[in-house]
Amino acid sequence: MWDIANGFVPRTFDEILSTMVAKINEQYGTNYDVTTIQGTNFYKYFYAGIQVIMEAEQQVADLSGKYQQYIANTNQRILQPRGTVDGFINFIKSDGVLNTEGSFDPIDEPSKAGKIKFAILLDKNDTDYTNKKNKLIEYFHKYLSVGLYYYGGIGDYYKGDWDAAVTYPAGVLVRSGTKYYNSLSENTNVNPAGNPNVWEESVPPSNFVSGDYNAINGQEFHYAFYLPRYYQLLSLTITLPISANNNNYVMTQKEVQDLFAQRFQEYMTLGKNLEPEAICSIKEFDFASRVVYSGSYQDDTGAIKTFSNVPVEIPFDVKFKMMDASNIVVVYQ
């Protein structure tokens, strides 16, 4: 028996026997049922045949299950493309190894054309970090390398693999072999290895990670990505003027604090701009006539900056950290 939900379900011994009894009665004009036929020569004759049929139907059921799984996996791949920006980010979120946030630097100006920069929420101290890094590089090669992914490096600072035909200005970074070098002066066709007066051996920034992927044909591909930089929320005041026409429940200070903290953690993914009203608006605080935000945060350089209801644009590789919810100041007016 076949249905969409369960696939092919093999029949039981009694179900097959019942079908055979009906055919015997029809052919010979008898009046057997599955009980009275037992012990007859008909039963002895058909018993072995029923066993063969049951085994065959079980094999069909096993094959049916594999086919259903294949269809399900194929549909999932169709519904979740991996070769687009949004598709790749969603894939990273649901991947069994990575299962984390990713973010692309938007290509919003001509100088970024042909370059795609990617940041991922990985912790270098994670015991499984190396495995996750290698898995991400493998995914780059499989889903983003052809016509889409470019080893973007660190903006204009990083120039990729050293090329003898390129003239490099002072103060740029290149890769030669497995090492990185910073140019001390403008130069052309000066190999970084062995020329310390022109090239100083260096390391990329701590949030910049690179690695190689060896294709099945033996060709080596080099990829890189960014680890997150963190901005820390330092202070936050939420002002909630209570509407003169309010008939709704007025949330307590702790309820306001907890709700905002929860929504903040859900909303502020890697590379997401800080928009307080998008986190909690008048819809969440329906007892207020408006919601007014003010606060401060510290960026990764240590600089302290303020914000209000106006959205704060942040780089694609930045992740905001929430302050202790109990320190949020709630003002009712």
Subset of the stretch 218-243, residues at pLDDT 80 or above, more than 30 Å from Q333 (Cβ to Cβ) and among the aromatic types (F, W, Y), comes to F225, Y226, Y230
Residue check, A288 more than 24 Å from L122 (Cα to Cα) and surrounded by fewer than 18 Cβ atoms within 10 Å (Cβ to Cβ): no
Can you tell me which residues in the stretch 218-246 are among the polar types (S, T, N, Q) and assigned to a strand (DSSP E or B)? Q232, S235, T237, T239
Condition check for A261: assigned to a helix (DSSP H, G or I) and surrounded by fewer than 15 Cβ atoms within 10 Å (Cβ to Cβ): no
Residue pairs meeting the criteria (Cβ under 7 Å; at least 6 apart or on separate chains; first in the same structural domain as S18 (by TED's automatic domain parsing) and surrounded by 13 or more Cβ atoms within 10 Å (Cβ to Cβ), in the stretch 35-52; second at pLDDT 85 or above and outside any helix (DSSP H, G or I)): Y43/I37
Taking into account only those residues within the stretch 134-174 that are among the hydroxyl-bearing types (S, T, Y) and not in a loop (DSSP other than H, G, I, E, B), which is modelled with the lowest pLDDT? Y151
Only residues that are among the charged types (D, E, K, R) and either exposed (fewer than 11 other Cβ atoms within 10 Å of the Cβ) or in contact with a Gly (Cβ under 6 Å, 6 or more places away or on another chain) (or both): list them for the stretch 56-65, please. none
Looking at (1) exposed (fewer than 13 other Cβ atoms within 10 Å of the Cβ); (2) in the same structural domain as S289 (by TED's automatic domain parsing); (3) under 23 Å from the mean Cα position of the chain (by Cα); (4) among the small types (G, A, S), find the lone condition where S206 falls short. (2)
At pLDDT 95 or above, among the hydrophobic types (A, V, I, L, M, F, W, C), under 30 Å from D86 (Cα atoms) and not in a loop (DSSP other than H, G, I, E, B) - does that describe any residue in the stretch 196-217? no
Specify the residue that is farthest from L227 (Cα to Cα); the eligible residues are those in the stretch 291-315 that are touching a Leu at 6+ places or on another chain (Cβ under 8 Å) and part of a loop (DSSP other than H, G, I, E, B). V291
Quick one: which of S281, S296, S289 is among the small types (G, A, S), in the same structural domain as S243 (by TED's automatic domain parsing) and touching a residue at least 60 places away in the same chain (Cβ under 8 Å)? S296
For the structure I just gave you, tell me whether L270 is touching a residue at least 40 places away in the same chain (Cβ under 8 Å) and either in a loop (DSSP other than H, G, I, E, B) or of a type in the set (F, W, Y) (or both). yes
Y181 - would you say it is at pLDDT 80 or above, farther than 30 Å from C280 by Cα and among the hydroxyl-bearing types (S, T, Y)? yes
Scanning the stretch 75-97 residue by residue, those at pLDDT below 85 and under 9 Å from the mean Cα position of the chain (by Cα) turn out to be G87
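The values are calculated or read from the model by the stated rules, or taken from the named source; none is laboratory data. Note that the structure is a prediction, hence the values are computed from the model and not measured. Positions of Cβ are backbone-derived with ideal geometry, glycine not excepted, and every protein chain shown enters the neighbour counts.
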